[in-house]
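Student: Okay, handing you the structure first.
The values are calculated or read from the model by the stated rules, or taken from the named source; none is laboratory data. Keep in mind that this is a model prediction, so the values were computed, not measured. Positions of Cβ are backbone-derived with ideal geometry, glycine not excepted, and every protein chain shown enters the neighbour counts.
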Amino acid sequence: MISKAPYGVERHVPTQRPSTVRLRTSLFHEANAIVARDYAADLSLDDIARRVASSRRQLQRAYAEIGDTTFRDYLTAVRMRRAAEILPRLHAVPLSALPVDSEPLAPAEELARWRRTMGAVPPELAPGAARLEKLLASSVPDAVDPVLVHGDYRLGNIIANGSEPVALIDWEIWSPGDPRVELGWFLVFADGTNFPGVGREVPGLPDAVELVERYADGGPVPGDLTWFDALGRFKMAAIMGHNLRRHREGRHHDPDQERLPATIERLILTGTERLT
């Protein structure tokens, strides 16, 4: 998982006067307190700087030198934590209140769904996928009580006001299913090393252990999450492989798809490592 840089001053003290370090440490913690408190506000760097009686530049330097991060990256980490904390609310929506017209997808059916997608991907575009698929198929967990599963729960589909999530979009593949499918998919995005060439590691982003703890909120941690984490990586690799295939066949021209091979390989590799 992504290593979290400590929000301390040790790295930068030798290059700064003590008074400067104290000032920027104070700015950093005051700004973070506002982010943590004002979930309902539309937060921006300029607004935070004004509220801590500082300049935009000084606050940027405080985040860089004291937090070893940026305001944007810090806010992303806060939003990631909040997304984990509110996911149980989604899973608590009664299925009886929804227009459900299909049977719940158990883990085996969820795997079958993405095996079909991966099956349409030429093997050379997804090296190692057959082995990961076999590992997943050999250890499918038993199903738990079904819940509402969004199907693509991640920050990119969450509209936030400041750091507080206020809406969830893109419901095309929602279904009743196993809540751990959702959580495993969400955890894929906690590991920035999964996306070489198309993403980056965000300093201070919470790792999978922290996100699961926030999801559980003091209760029991869902079982078999390693399998669902690996399934999430297999699913993402299948989707990307499918898109890359369509591009190379000329059915949907998108040069950006050529950035995907390294990520597909990485997802399959890390998914396999989790099951071996």
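Student: Restricting to segment 71-105, and then to whatever is in contact (Cβ under 8 Å) with a residue 60 or more places away in the chain and either exposed (fewer than 11 other Cβ atoms within 10 Å of the Cβ) or of a type in the set (Val, Ile, Thr) (or both), can you tell me which residue is nearest to residue 214 (Cα to Cα)?
Tutor: So, considering only residues that are in contact (Cβ under 8 Å) with a residue 60 or more places away in the chain and either exposed (fewer than 11 other Cβ atoms within 10 Å of the Cβ) or of a type in the set (Val, Ile, Thr) (or both), the one nearest to residue 214 (Cα to Cα) is 86.
Student: I would also like to ask the following. Tell me which residues, restricted to segment 29-84, are more than 14 Å from residue 164 (Cα to Cα) and not in a helix (DSSP H, G or I).
Tutor: Correct list: 52, 53, 54, 55, 66, 67, 68, 69, 70.
Student: For residues that are modelled with pLDDT under 80 and hydrophobic (A, V, I, L, M, F, W, C), scanning just segment 1-35, find the one that is nearest to residue 187 (Cα to Cα).
Tutor: Across segment 1-35, the extreme among qualifying residues is 1.
Student: Is there a residue in segment 147-160 that is surrounded by fewer than 20 Cβ atoms within 10 Å (Cβ to Cβ), of a type in the set (A, V, I, L, M, F, W, C) and assigned to a helix (DSSP H, G or I)?
Tutor: Yes, segment 147-160 contains at least one residue that is surrounded by fewer than 20 Cβ atoms within 10 Å (Cβ to Cβ), of a type in the set (A, V, I, L, M, F, W, C) and assigned to a helix (DSSP H, G or I).
Student: Ok, one more. From the list 75, 95, 90, pick out the single residue that is at pLDDT 90 or above, outside the structural domain of residue 186 (by TED's automatic domain parsing), of a type in the set (A, V, I, L, M, F, W, C) and under 21 Å from the mean Cα position of the chain (by Cα).
Tutor: Sole residue among the options that is at pLDDT 90 or above, outside the structural domain of residue 186 (by TED's automatic domain parsing), of a type in the set (A, V, I, L, M, F, W, C) and under 21 Å from the mean Cα position of the chain (by Cα): 90.
Student: Among the residues of segment 151-194, write down those that are under 11 Å from the mean Cα position of the chain (by Cα) and among the hydroxyl-bearing types (Ser, Thr, Tyr).
Tutor: 153 - this is the single residue of segment 151-194 that is under 11 Å from the mean Cα position of the chain (by Cα) and among the hydroxyl-bearing types (Ser, Thr, Tyr).
Student: Now for a separate question. Of everything in segment 165-220, what is in contact with a Phe, Trp or Tyr (Cβ under 8 Å, 6 or more places away or on another chain) and more than 26 Å from residue 241 (Cα to Cα)? Give them in sequence order.
Tutor: Scanning segment 165-220 gives 204, 211.
Student: Can you tell me which residue is nearest to the chain's Cα centre (by Cα) among those in segment 253-276 that are under 18 Å from residue 118 (Cβ atoms) and not in a helix (DSSP H, G or I)?
Tutor: Only one residue tops the list, namely 260.
Student: Here's something else I'd like to know. For segment 93-107, state whether one or more residues are under 19 Å from residue 182 (Cα atoms), out of contact with any Cys (no Cβ under 9 Å at 6 or more places or on another chain) and part of a helix (DSSP H, G or I).
Tutor: yes
Student: Between residues in segment 127-139 that are farther than 9 Å from residue 234 by Cβ and in the same structural domain as residue 267 (by TED's automatic domain parsing) and residues that are of a type in the set (D, E, K, R) and surrounded by fewer than 21 Cβ atoms within 10 Å (Cβ to Cβ), which pairs lie under 8 Å by C-beta distance while being six or more apart or on different chains?
Tutor: 127/265; 128/265; 137/115
Student: Tell me whether segment 229-240 contains one or more residues that are at pLDDT 95 or above and not in a helix (DSSP H, G or I).
Tutor: no
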